[in-house]
Every structure is written in structure tokens, then in C-alpha cells.
2 protein chains.
Amino acid sequence: MNDGRAPGGQALLFLTDEQLRKGIEAMFFAYRGFTADPDRILDERGYGRAHHRAVHFISRTSGTTVNNLLSILGVTKQSLNRVLRTLIEDGLVESRVGKRDKRERNLFLTDAGEELERALSDAQRERMKAAYREAGPEAVQGFRAVLEAMMDPELRRRFNRLKDDVS
Amino acid sequence: MNDGRAPGGQALLFLTDEQLRKGIEAMFFAYRGFTADPDRILDERGYGRAHHRAVHFISRTSGTTVNNLLSILGVTKQSLNRVLRTLIEDGLVESRVGKRDKRERNLFLTDAGEELERALSDAQRERMKAAYREAGPEAVQGFRAVLEAMMDPELRRRFNRLKDDVS
DNA sequence: CTTGGAAAGTCAACAAGGCTGACATAAAAT
DNA sequence: ATTTTATGTCAGCCTTGTTGACTTTCCAAG
């Protein structure tokens, strides 16, 4: 058929509706795969995706405040609080009163919390690693580039700030 | 230091936990962007994502049966039925008794249904198109390759079958 | 022709996880 | 002293997923 490359060797974009539609469906099916493994683990332990997200970002930015977590996750405080409360009750998350500002709560994973986080991210990383291996290194660059370009500008800034935080 | 290529010229993947974690977070934030525009449109009209998914795949594989739709969407028939019922009541979807097998229902979009589908997919395609443009043609190949590799095998087969159906 | 089973639909009940609104408290900021 | 901010909590609502039980329709095999 057509490999999307012009005679000169430079790849062209055939952004037909069909091409785009396939991209959309690929996103849909891939996201299912992306969440499938953690979902199984969460289910076993009586948690949901909301818990996963909280645990992930608390692990990622240890000591983060509730407000910061709220703006990363993009949910209401009531929604987050419900999840956070169960995690604290279950001893997976510790909430410490802020040092400088005592209104704030700094959130940390306990050892048990770290253990869950590791189980979840191990599973998800394995999936990601396998996909990266299959697709090849060039593909990984492209994958990341398109994903980043697809984010809302505000979230994109947040994403890049997160990237810099660690590593 | 190291450009990620082995002496032989073949690129290597440095799949550090950090690299993979960034990929995971990129998926998370990108999916939010991916659904943001349709979500707004759906909200205006009093529908949710479940309606979007149904409308999309009915448009995609017009005349599909309920059972087929169920296995694509991966939800229970009760869940799908609730969504389908409102779409039929609102005159967006038509359910015709099967010709060969009268137990089956073949699903079609009405004109109003097509209109909603177009509004939703126009918005989503625009986002996708902009991301593709920004990332460049090479990136698009990689994006698609990684997404496909990330799917569950069963869904991947389904995805590829869908691809062939149309186009 | 009867009957078993598949396809579809429906009812009821429940849970997770979003949402809004209202309100309480403590502490910082003005 | 007052206002604003950060957090937490209660109550109630919605969407969308689940299970289980049951009915209707109807194809197909005995």
C-alpha cells in the first residue's frame, strides 16, 4: 500500500480521518492494557484506580501537600479525601502536620504503602518495558513525543515539572 | 557519555525505572487530554464517556450486534444496555431486529446519532492531529507501535480486526 | 414438534469514584 | 482583629461499573 514516505525518503503525514481514527482507537485499547495489571492487584486488595493514582503521586513526590496532590490529580478534595482516608486508616499513607505551615499536611508512604506502590508499578513497568522492547527505541521517542503533545498545556507543564523534580 | 547506541550501531533501550515511570505518567496525563474535549461536548448534552464509546463503535462498525459491541467494550450487557437504552430513547441509535437471526439486534446511528458522533470525533481528531503535527511523522509511527504493543493480546487482535474492517 | 440453549432485554441491588454545597477548624496573612 | 487559606467532613447526587435472577424470543438439534 503506502508506508507514508515520500520518494525523497522523508516521511509524510497522511492525516486522513481513518488514520486519526485508528490512533484514537489505539489509545482506547492501549489504555485498557495499561491499567489492566494494576487493576488486578488493586482488586485483590480492595482498592481502586483512585488509590493507585494517590499512591503513585505520593511516592513520586514524597511529602507533597494535599493541595498539590489535588491539582495533579484533578479531582475534588472530597473525592481525594475519601481515598486518602482509607489509605491512612489502612496504614499505607502517613499524614504529617507541616513544619513551616501547620495548616498543611505532608503525605508520605509507610513501608506498607511503599510495598503496594512497588507491586503496582512493577506490574505497570513490566508492561511498559515489554511494549518498549517490542516497538524499539526509535518508537519510544515518538511515543513520548506524541503523548506529551496531546496533553492539555497546563497538565503538560505539570508533567514536565514532575519530570525535573526527580531524576 | 552514551548516546544509547551499542557499538554495532543498534540502538539500546535504557529502561531505567525512571524512564519507565515517565512513560507511565505521560500515559496518564495524555489520556486526560485525549478525553477532555469529548467530555466537554458530552457533558453539554447530558451524556458520559460510556455513551461516547457506544456511539463510536456503532458508527465504526455500523449494524453491529449487541454481543459484538459488548466484547469490544468489555463491559456487562446490563451496563451497556443502560447506555444503549438512553441512546435509543433519545433517537440517536436505532436497533433493528436481525434479518437472519431475529434474536440479534443490529445497531445503527440515526442522523442525530451521526451528528453527535461527528462532533465528538471531530474534537478528538483535532487534538490528535495537532499532537501528530507537533511530534512529527516519525513520532507517529512510534506512538502507534508502542500503543499496539501495550494492548492485551486479545484486544490487540480485536483492534487489528477493526482496522481491517474499514479502510 | 418439542426442547435445549443462545441472544437479548429487564429488574433490583450494590459499589467505586466522580460531583456540589455547606460547614468546621486551625493557622497564616493582612 | 479580620480575612483568607488548607484541610477535613457530612450529606446527597450522578455515572458507570458489577452480580444475580428472571423472561422472552427463536434457532437448531433431537
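A compact table of results
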quantity: Matching option when the condition is farther than 30 Å from B:F14 by Cα and without any contact (Cβ under 8 Å) to a residue 24 or more places away in the chain, among A:N160, A:N68; calculated: A:N68
quantity: A:R82 vs. criteria within 9 Å of DNA strand C (Cβ to nearest atom) and either touching a strand residue (DSSP E or B) at 6+ places or on another chain (Cβ under 7 Å) or outside any helix (DSSP H, G or I) (or both); calculated: no
quantity: Complete set of residues in the range B:110-127 that are in a helix (DSSP H, G or I) and either in contact with an Asp or Glu (Cβ under 6 Å, 6 or more places away or on another chain) or in contact (Cβ under 8 Å) with a residue 24 or more places away in the chain (or both); calculated: B:G113, B:E114, B:L116, B:E117, B:A119, B:L120, B:S121, B:A123, B:Q124, B:E126, B:R127
quantity: Residue check for A:G74: more than 8 Å from DNA strand D (Cβ to nearest atom), surrounded by 14 or more Cβ atoms within 10 Å (Cβ to Cβ) and at positive phi; calculated: yes
quantity: The lone exception for B:G63 - which of (1) more than 16 Å from DNA strand D (Cβ to nearest atom); (2) part of a strand (DSSP E or B); (3) touching a residue at least 40 places away in the same chain (Cβ under 8 Å) it fails; calculated: (2)
quantity: First in the range A:87-109 and small (G, A, S), second anywhere and within 13 Å of DNA strand C (Cβ to nearest atom) and part of a loop (DSSP other than H, G, I, E, B), Cβ under 6 Å, 6 or more apart; calculated: A:G98/A:E104
quantity: Single match in A:R161, A:R100 (criterion: closer than 30 Å to B:Y132 by Cβ, out of contact with any Asp or Glu (no Cβ under 9 Å at 6 or more places or on another chain) and either at pLDDT below 95 or β-branched (V, I, T) (or both)); calculated: A:R161
quantity: Options A:R158, A:R133; residue that is under 28 Å from A:D43 (Cβ atoms) and part of a helix (DSSP H, G or I); calculated: A:R133
quantity: Tally, over the range B:122-150, of residues that are over 17 Å from A:M151 (Cβ atoms) and more than 7 Å from every other protein chain (Cβ to nearest Cβ); calculated: 1
quantity: From the options B:Y31, B:Y47, residue that is in contact with a Ser or Thr (Cβ under 9 Å, 6 or more places away or on another chain) and not charged (D, E, K, R); calculated: B:Y47
quantity: Criterion violated by A:L109 - all others in (1) surrounded by 15 or more Cβ atoms within 10 Å (Cβ to Cβ); (2) away from DNA strand C (no atom under 16 Å from the Cβ); (3) closer than 26 Å to B:D152 by Cα satisfied; calculated: (3)
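Condition check ((1) within 12 Å of DNA strand C (Cβ to nearest atom); (2) of a type outside the set (G, A, S)) across all residues:
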| residue | (1), (2) |
| --- | --- |
| B:D37 | no, yes |
| B:D43 | yes, yes |
| B:R60 | no, yes |
| B:T64 | yes, yes |
| B:G74 | no, no |
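The values are calculated or read from the model by the stated rules, or taken from the named source; none is laboratory data. Just so we're clear, the structure is a prediction, and the values are computed from it rather than from any experiment. All Cβ positions, even for glycine, are placed from backbone atoms using ideal geometry, and neighbour counts span all protein chains on display.
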